[in-house]
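Values in this text are rule-based calculations from the coordinates and carry no lab data. Model, not experiment: these values are computed from the prediction. Here the Cβ positions follow ideal geometry from the backbone for every residue, glycine too, while neighbour counts run over all protein chains shown.
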Amino acid sequence: MTITGDLAVEAFLPWIDRHAAKLGLSPTVVRAVSDRIELDLSGPSELLDMLEIGCWLGPIDAMVEGIERRPL
């Protein structure tokens, strides 16, 4: 999953970890810079969908402009 936008990485990464843990997912951060976060995720597609929807809403100080998911 690749998240792009004006991302507050220091707030967004812990946010992703908390919400992924609630869904039983364990994301691995591949890359994290101010405008892009790349994650390696696996799990049921329904749970990945739920995390993606959550990421669109994300923390208040992040502005997500796009999310791309692609199989590895």
Considering only the range 19-41, how many residues are of a type in the set (D, E, K, R) and within 13 Å of Met1 (Cβ to Cβ)?
4
Any strands (runs of 3 or more DSSP E) falling wholly within the chain and containing at least 1 residues that are surrounded by fewer than 12 Cβ atoms within 10 Å (Cβ to Cβ), more than 9 Å from the chain's Cα centre (by Cα) and touching a residue at least 60 places away in the same chain (Cβ under 8 Å)
63-68
